[in-house]
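The values are calculated or read from the model by the stated rules, or taken from the named source; none is laboratory data. Everything numeric in this text was worked out from a predicted model, so none of it was measured. For neighbour counting, all protein chains shown are included, and Cβ atoms are generated from backbone atoms with ideal geometry for every residue, glycine included.
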Amino acid sequence: MFADERKKIMLARLASHSRLTVGEICRELDASESTVRRDLQDLEELGLLKRTHGGAVALEIASFEPSLLEKDVAFSEEKHTIAELACSLIQPEETILLDAGTTTLEVARILPNYRLTVVTNSLPIAQELSSREAVQLLLVGGEYRPRTGACVGLVAVQTLQKLRVDRVFLGTNAVDVNFGVSTPNAGECATKTAMVDTAREVVLVADHSKLDHVSMFQVCSLARLAVFVTDRALPLVYQEECRVHQIQVVVPEPIDS
């Protein structure tokens, strides 16, 4: 049996039982203990499980993670503003990657009528774009998370690792000047990190409410960003960090009083 097949079986077992032991997997897969432990180490490095003495457990993070509906209604005007600014960066014939999230969903809703290739791991975004004739749509599969509408995990990561895109529009739960971009879910983190790695340019789309927050899993540092699109001027400490790392900050034009 190939390593990828073993890992898929391990993740399926964790999804249904929340924990597994090395002995159980060795017997089920007819694999050596060293092979199983190596597979578990690989999956832990991808952020898909937590190894324990004698096995592994599923990662259920206690950090608060709002649902897709809760996020969609929060700061909706700000998200629309950010989406308009983000869409101004898109050029015809580009290949773009839209991360799952409500801000990126708003980007999809008002996407320019260009010929584009759009890659996404978001079922709501795929549904939004499914009737757009100018858009060539590639849906990244994986373990579906109803809470966020995202496909995540090993299959998603492996698919993304085989792609190259012009730019990724990355959403987030939290942004911190020191810890960077982070998320409360391990599977989401591994998938977002793979998105960052596959893109020529990383565009963070996040409203001001996400600033000065840290979730458990780091996706990337601010230094990895090319563009930061937000709904108001950044605090000075963020402006300085963006200046040091040559990150383009895109905010709305101030309204004259």
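Across the range 1-17, what is the total count of residues that are touching a strand residue (DSSP E or B) at 6+ places or on another chain (Cβ under 9 Å), surrounded by 12 or more Cβ atoms within 10 Å (Cβ to Cβ) and in contact (Cβ under 8 Å) with a residue 40 or more places away in the chain? Spell out how you get there, then give the answer.
Just the residues of the range 1-17 that are touching a strand residue (DSSP E or B) at 6+ places or on another chain (Cβ under 9 Å), to begin with: 10-11, 13-15.
Still in the running and surrounded by 12 or more Cβ atoms within 10 Å (Cβ to Cβ): 10-11, 13-14.
In the following step, the residues that additionally are in contact (Cβ under 8 Å) with a residue 40 or more places away in the chain were identified as 10-11, 14.
So the count comes out to 3.
Tell me, which helices (runs of 4 or more DSSP H) wholly within the range 150-254 include 3 or more residues that are among the polar types (S, T, N, Q) and under 24 Å from Ile90 (Cβ atoms)?
Working: elements: 154-161, 186-198, 236-244.
Once the helices (runs of 4 or more DSSP H) in the range 150-254 are filtered for at least 3 residues that are among the polar types (S, T, N, Q) and under 24 Å from Ile90 (Cβ atoms), what remains is 186-198.
Quick check: is even one residue across the range 76-89 charged (D, E, K, R), at pLDDT 95 or above and assigned to a loop (DSSP other than H, G, I, E, B)?
Within the range 76-89, the subset charged (D, E, K, R) is 77-79, 84.
Then keep just the ones that are at pLDDT 95 or above; that gives 84.
Those still in the list that are assigned to a loop (DSSP other than H, G, I, E, B) too: none.
Checked the range 76-89: no residue is charged (D, E, K, R), at pLDDT 95 or above and assigned to a loop (DSSP other than H, G, I, E, B).
Among what's in the range 205-224 and is surrounded by 20 or more Cβ atoms within 10 Å (Cβ to Cβ) and within 14 Å of the chain's Cα centre (by Cα), pick the residue that is farthest from Pro184 (Cα to Cα).
Val205
Of these, Leu97, Leu111, which one is crowded, with 18+ Cβ neighbours inside 10 Å and either touching a Lys or Arg at 6+ places or on another chain (Cβ under 6 Å) or closer than 24 Å to Lys8 by Cβ (or both)? Reasoning before the result, please.
Values: Leu111 fails: either touching a Lys or Arg at 6+ places or on another chain (Cβ under 6 Å) or closer than 24 Å to Lys8 by Cβ (or both).
When all the criteria are applied, what remains is Leu97.
If the requirement is being surrounded by 20 or more Cβ atoms within 10 Å (Cβ to Cβ), in contact with a strand residue (DSSP E or B) (Cβ under 9 Å, 6 or more places away or on another chain) and within 27 Å of Glu240 (Cβ to Cβ), which of these qualifies: Gly149, Gly171, Gly153, Gly187? First the steps, then the outcome.
On the way: Gly149 fails: within 27 Å of Glu240 (Cβ to Cβ); Gly153 fails: within 27 Å of Glu240 (Cβ to Cβ); Gly187 fails: within 27 Å of Glu240 (Cβ to Cβ).
Criteria check complete, one pass: Gly171.
Of the conditions (1) within 22 Å of Ala156 (Cβ to Cβ); (2) in a helix (DSSP H, G or I); (3) free of Cβ contacts under 8 Å to residues at least 24 places away in the same chain, Arg51 clears all except one; give me its number.
(2)
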